[in-house]
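Bear in mind that the values in this text are calculations on the coordinates, not laboratory data. Small disclaimer: the values here were computed from a predicted structure and weren't measured. As a convention, Cβ positions derive from the backbone with ideal geometry for all residues, glycine included, and neighbour counts pool all protein chains shown.
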């Protein structure tokens, strides 16, 4: 496995200046032999200078990775990018928490069991909507009330030009929520059995959504 396998394009990072200044969250845009590039923040207290040392946190599907790095290069066209040196020493922190984004997606779901086949016929799927989404689960609005600890198969359409991702989730909590005057059920779902590639696909969408929100707020 490559030494810096946890550094991947479109993966979320948090940059914390060691000499003071405001931390900022960004996304890896490019990897070279000696550096990795992230989108630079808007001008302000989070802006960095060449040679500045930072602490970098990378959230990967298996853990959080922390290391120190130095800003080696700044590029302004066509994107404003910071190029940081690759780490010599890395601290791995086991962590299964995932960044979560508020997002409304129309999804399809089917009630199932832990052993049921994900290839459920399309006519058996029912429509639902997400409230939020992360690599570890989703919050859904359903018309019917599932039992806690039961399983749902979820067909999740991600705007990446690929087929919907079919995932299995365990119902962790169920609450009542009124939507447009109608009683619905807000369901907390924890994904199970996802591959790292599946998690990366979801998190890529989540981070892009968070980045878009940051730009809109700015």
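Summary of computed values
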| item | result |
| --- | --- |
| Listed peptides 133-139, 175-181, 64-70 by packing density, highest first (mean Cβ within 10 Å) | 133-139, 64-70, 175-181 |
| Helix-only CD estimate at 222 nm, as mean residue ellipticity for the chain, using -39500 (n - 2.57) per DSSP H run (n ≥ 4) | -3500 deg cm²/dmol |
| Gyration tensor (alpha-carbon) shape descriptor, segment 12-94, a/c threshold 1.5 | prolate |
| Over the chain, relative contact order from alpha-carbon pairs under 8 Å, at least 6 apart, % | 14 percent |
| For segment 100-214, alpha-carbon Rg over 2.2 N^0.38 Å | 1.02 |
| Cα shape, the chain, gyration tensor, a/c 1.5 rule | prolate |
| Label-point separation in nm, residue 143 to residue 75, each point 7 Å along Cα→Cβ | 5.1 nm |
| Degrees separating the helix 196-217 axis from the principal Cα axis of the chain, which is the longest one | 70 degrees |
